[in-house]
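Below is one structure; the comments refer to it alone.
Since every read-out is calculated from the coordinates, none of them should be taken as a lab result. Remember, it's a predicted structure, so these values are computed and weren't measured experimentally. Cβ placement follows ideal geometry from the backbone for every residue including glycine, while neighbour counts extend to all protein chains displayed.
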Amino acid sequence: MSETRIAPAASALQSAKRTDLSRHVGTELRGVSLLDISDADVVSITHLIAERGVLVFRDQHMTLEQQIAMGRRFGKLHVHPAYADAKHPEALRIHADANTRHVAGEGWHTDVSCDVEPPGISMLRLEVVPPVGGDTAFASMYAALEELSAPMQAFLMDREAVHAGDVAFRGLYKSKAIVEYPVNNHPVIRTHPITNRKLLYVNSGFTDRIKGLRARESKALLQMLFDHVAYGIDFQCRVHWEAHTLTMWDNRCVQHAACWDYFPETRSGWRVTTVGEQPYLDRN
Ligand code: SIN
């Protein structure tokens with residue numbers, strides 16, 4: 001009697017070729033088609049990204065509608081408070097060309113940390129890339145915290161910071177829109193809900209001040225932390241884009257900065273992003 005065996009679903013991650021981009025942050029996975037992953041792969045990717053902060057997938061040919069559907073498998077999708085696409089509110093156009101004055105993501109930041117439940121995973125897919133340049137730099141906020149001295153970590157523990165949409169949208173991008181952008185307080189050191197690791201959670205894009213400090217103290221301390229991230233080459237990596245690369249990053253545990261060194265060339269694609277949870281600190 002012949003026996004029929006049902007082969008276990010192959011895990012896309014197990015068969016992928018894995019290359020870490022730096023010691024602390026970033027991993028490239030070759031040979032995965034994100035349109036064909038299983039539910040178990042979604043869980044594995046969610047865990048791997050919580051550890052590595054950034055995952056790079058090459059050759060992801062998909063429409064925007066497919067990207068949105070793929071993104072939804074990782075959680076409820078975020079609607080950007082300032083730049084949601086009119087036709088696809090869950091998507092954000094990332095585009096720069098010869099007419100561009102500011103590119104999205106200049107300067108170190110985590111996406112929209114002014115929200116009460118700031119973004120979890122961002123998924124950016126570029127369709128057009130410049131002949132050279134246009135990298136995205138990432139920095140691990142686990143390592144950024146660990147690299148601070150013990151007394152500084154102790155000082156920052158249990159502090160809260162104000163994150164304001166105006167800092168980025170009116171400050172950097174000069175928006176004149178008559179709307180109120182979100183303002184919310186978050187712990188300066190937060191716990192990642194999947195890894196349970198603590199990490200530094202202030203960024204120059206959105207963090208306005210540290211509560212309970214005098215304005216001058218807060219400004220100086222934040223500037224020190226922003227510089228610590230920007231100059232932290234020991235805990236950074238760079239993603240070099242190809243057309244149809246899709247990069248996912250976990251906004252809880254990395255910051256990023258888009259490098260605009262390719263003017264007047266075109267760089268273009270779409271980002272979808274999941275909604276995260278309200279940041280918290282678990283001291284244990
Ligand atoms: C962003 O901040 O989401 C943009 C990143 C990039 O264009 O590399």
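Determine, for each peptide in 148-158, 111-121, the mean count of other beta carbons within 10 angstrom over its residues, then list the peptides with the highest first.
111-121, 148-158
State to the nearest 20 debye the size of the charge dipole of region 60-178 about its Cα centre, where the only charges are +1 on K and R beta carbons and -1 on D and E beta carbons.
Using only the charged Cβ atoms, the result is roughly 420 debye.
Sort 190-203, 34-47 for me by packing, meaning the mean count of neighbouring Cβ atoms within 10 Å per residue, highest on top.
190-203, 34-47
Multiply the residue gap between SER11 and ASP59 by 0.36 nm, knock off their C-alpha separation, and tell me the result in nm, one decimal place.
Between SER11 and ASP59, full extension yields an extra 15.5 nm.
Could you compute the FRET efficiency for ASP39 and GLU117, with r as their C-beta to C-beta distance and R0 at 22 Å, rounded to 0.05?
It comes out at approximately 0.40.
What list of ³J(HN,Hα) values in whole Hz, one per residue of region 250-266 in order, does the Karplus curve 6.51 cos²θ - 1.76 cosθ + 1.60 (θ = phi - 60°) give from phi, with Gly and Pro shown as x?
Going residue by residue, I get 9, 5, 5, 10, 9, 10, 9, 8, 8, 8, 9, 10, 10, 3, x, 6, 9 Hz, with x marking Gly and Pro.
Tell me, what ³J(HN,Hα) does each residue in region 228-244 have, in order and in whole Hz, if you take phi through Karplus 6.51 cos²θ - 1.76 cosθ + 1.60 with θ = phi - 60° and put x for Gly and Pro?
Calculated HN-Hα couplings, in order: 4, 6, 5, 8, x, 5, 6, 10, 10, 9, 10, 9, 8, 8, 10, 4, 6 Hz.
Let me know the charge dipole size of the chain about its Cα centre in debye, to the nearest 20, where only the beta-carbon of Lys, Arg (+1) and Asp, Glu (-1) is charged.
Using only the charged Cβ atoms, the result is roughly 420 debye.
Could you name the aspartates and glutamates in cross-link range of LYS87, using Cα to Cα under 12 Å and dropping any fewer than eight places away on the same chain?
GLU65
Under a point spin-label approximation (7 Å from Cα along Cα-to-Cβ), what is the VAL183-ALA215 distance to one decimal in nm?
Using points 7 Å along Cα→Cβ, the separation is 1.4 nm.
For an R0 of 25 angstrom, estimate the FRET efficiency from the Cβ-Cβ distance between GLN223 and ASP261 and round to the nearest 0.05.
0.55
Any idea how far apart ASP85 and THR100 come out in nm if each label point goes 7 Å out from Cα toward Cβ?
About 1.5 nm separates the two model spin labels.
Please give the FRET efficiency for ALA243 paired with ASP166, using the beta carbon to beta carbon distance and R0 = 25 Å, rounded to the nearest 0.05.
0.10
Which ³J(HN,Hα) values in Hz, rounded to whole numbers, follow from the phi angles of region 40-50 under the Karplus curve 6.51 cos²θ - 1.76 cosθ + 1.60, where θ = phi - 60° and Gly and Pro get x?
Along region 40-50, the couplings run 5, 5, 4, 5, 4, 5, 4, 6, 5, 6, 5 Hz.
Where does the charge balance sit around ILE94 when Lys and Arg score +1, Asp and Glu -1, over other residues with C-beta under 11 Å from its C-beta?
Summing Lys and Arg as +1 and Asp and Glu as -1 gives +2.
For every helix of n ≥ 4 consecutive DSSP H residues, a contribution of -39,500 (n - 2.57) applies; sum these over the chain, divide by its total residues, and give [θ] at 222 nm rounded to the nearest 500 deg cm²/dmol.
-5500 deg cm²/dmol
Pairs of alpha-carbon atoms within less than 8 angstrom and 6+ residues apart define the contacts here; what relative contact order does region 76-275 have, in percent?
This gives 46 percent for region 76-275.
Once amide H atoms are placed 1.01 Å from N in the peptide plane, what residues at a sequence separation of 5 or more from ARG209, or on another chain, have their amide H within under 5 Å of its amide H?
Amide H neighbours of ARG209: VAL162.
Percent antiparallel among DSSP beta bridges with both residues in the chain, to the nearest 5?
The antiparallel proportion sits near 95 percent.
Give the peptides 271-284, 89-102, 251-264 in descending order of average Cβ contacts within 10 Å, highest first.
Descending packing order for the listed peptides: 251-264, 271-284, 89-102.
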